[in-house]
1. Could you list, in sequence order, the residues of the range 77-95 that are more than 19 Å from GLU135 (Cβ to Cβ) and open to solvent by less than 50 Å² (accessible area, probe 1.4 Å)?
2. Residues in the range 97-112: is at least one crowded, with 20+ Cβ neighbours inside 10 Å, more than 12 Å from the ligand (Cβ to nearest atom) and on the phi < 0 side of the Ramachandran plot?
3. Quick one: which of LYS9, LYS32, LYS19, LYS28 is without any contact (Cβ under 8 Å) to a residue 24 or more places away in the chain and not in a loop (DSSP other than H, G, I, E, B)?
Amino acid sequence: MLSSKNKEKIYIKCIESVKSTSESNKLKFISKLLFESFDSWIFCGFYVQENDKLLVSEYSANKIPCSPIEFNGVCGTAILKNKILNIGDVNTFQGHIVCDNNSKSELCIPFDIEGIKYVLDIDSNIYDAFCEIDEKYLVKIIKEI
Ligand code: SME
């Protein structure tokens, strides 16, 4: 498991990269950058709401993710509650949608761009992978979109 200090260092570098990139597709850049920065992550991407479904948008992953998905999973619940969901063990979340059997913990951060609802979704192959440091820096990164 990464120490808090090392985690922060990685995020600080990521924020610098996001701020200085010339890539206009920020969702694509961020998903790839973050995915490649953390060894335990097996999915990092964005879902976007379209009517009563969520469609996968830009992402980096080991496997092709499920899409569309319903609102009963972690991503949909984060959007419906407009709340960050940090699930230490995905098996404990009723309605969790399994896209990759290796997923053990998941972090979902909902946000809006021009009235359209998105969620940044991250899956890890270890339990309890995410903490308030992830939440803090990922919210900062989303603000750069
Ligand atoms: N587990 C999510 C589905 C998306 S994947 O993890 C890529 C959910 O329960 O909504």
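1. We begin by selecting, within the range 77-95, every residue more than 19 Å from GLU135 (Cβ to Cβ); these are 91, 94-95.
Hit for the range 77-95 is GLY95, nothing else.
2. Within the range 97-112 (the criterion being crowded, with 20+ Cβ neighbours inside 10 Å, more than 12 Å from the ligand (Cβ to nearest atom) and on the phi < 0 side of the Ramachandran plot), the answer is yes, since at least one residue qualifies.
3. Numbers: LYS32 fails: without any contact (Cβ under 8 Å) to a residue 24 or more places away in the chain; LYS19 fails: without any contact (Cβ under 8 Å) to a residue 24 or more places away in the chain; LYS28 fails: without any contact (Cβ under 8 Å) to a residue 24 or more places away in the chain.
Exactly one residue qualifies, and that residue is LYS9.
The values are calculated or read from the model by the stated rules, or taken from the named source; none is laboratory data. Computed from a predicted structure; not experimentally measured. No Cβ is skipped: glycine too gets one built from the backbone with ideal geometry, and neighbour counts run over all protein chains shown. Surface areas here come from the heavy atoms of the whole protein model, side chains and all, with no ligands, DNA or RNA. Shrake-Rupley method; radii C 1.70, N 1.55, O 1.52, S 1.80 Å.
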